Amino acid sequence: MPVKPGSTIDPEATRARVLDVAARLFYERSLAAVGMREIATRSNASQLTIYRYFDSKEGLAAAVVRERSDRIHAWLSAGLTEVPAGRERVLAMFDLLTRWFIERNFGGCPVINYVADSRGGQTASEVTRQHLERYRRLLENLLTEAGAPAPTPLARQLLLLIEGATVVTQIDGNADAGADARAAAEVLFDAACGLPTS
């Protein structure tokens, strides 16, 4: 789209606007249902500009999802710092996620949606793998701080609970899966640490 006379072009602002518009549209309707023309129109950018920044629709989708992954993990890290290290911080992860699940228009994890929309393409699989690895490392660090004797396998088990609760909430629209995952995490953590179960 032509720039109005007297206007200046801010490439970073344009790129950010395209990412924001694409993220919203992909999340609301899926990657396959949204065309580049619509993204260009809604972000007030030309398709040529979008292709210059992202090379392809797949490149745009990958950039959107990387940015969403960064946001999710920054939000989790910020929320967890408010909780003292230990068992409660591990469980607070599930409290934060349940808070996300009850948001209006929750449509699942945008990163997992992306790999499903992309039918497991190479880029989508790699971006999603990195996102899950960040989750696993975060959990492992929390478990190490909490004194769990074998944090690596327990982190993987808790990650399965998180992703399972996310998908179940997306499908049935009921955030109870978050509380159920938290209860299961509590049992797993206590068993791994040899604590008495309530």
Close pairs from the stretch 108-133: first touching a residue at least 40 places away in the same chain (Cβ under 8 Å), partner polar (S, T, N, Q), Cβ under 6 Å, at least 6 apart:
G108/Q170; C109/T166; V111/S69; V111/T128; D117/S30; A124/S118; H131/S69
For residues in the stretch 27-36 being outside any loop (DSSP other than H, G, I, E, B) and out of contact with any Pro (no Cβ under 7 Å at 6 or more places or on another chain), which is most open to solvent (accessible area, probe 1.4 Å)?
E28
Residue list for the stretch 77-100, restricted to those being touching a residue at least 12 places away in the same chain (Cβ under 8 Å) and among the β-branched types (V, I, T):
V90, T98
Give the number of residues within the stretch 37-59 that are part of a helix (DSSP H, G or I) and either crowded, with 16+ Cβ neighbours inside 10 Å or under 23 Å from the mean Cα position of the chain (by Cα) (or both).
11
The stretch 60-94, residues that are surrounded by fewer than 13 Cβ atoms within 10 Å (Cβ to Cβ) and charged (D, E, K, R)
D70, R71, E82, E88
For the stretch 142-198, give me the residue count where each residue is among the acidic types (D, E) and within 19 Å of C109 (Cβ to Cβ).
4
Which numbered condition D180 misses (of (1) within 18 Å of the chain's Cα centre (by Cα); (2) open to solvent by 20 Å² or more (accessible area, probe 1.4 Å)):
(1)
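The values are calculated or read from the model by the stated rules, or taken from the named source; none is laboratory data. Since the model is a prediction, treat every value here as computed from it, not as a measurement. Note that we place each Cβ from the backbone using ideal geometry, even for glycine, and neighbour counts take in every protein chain shown. With ligands, DNA and RNA removed, areas are computed over all heavy atoms of the protein, side chains included. Shrake-Rupley method; radii C 1.70, N 1.55, O 1.52, S 1.80 Å.
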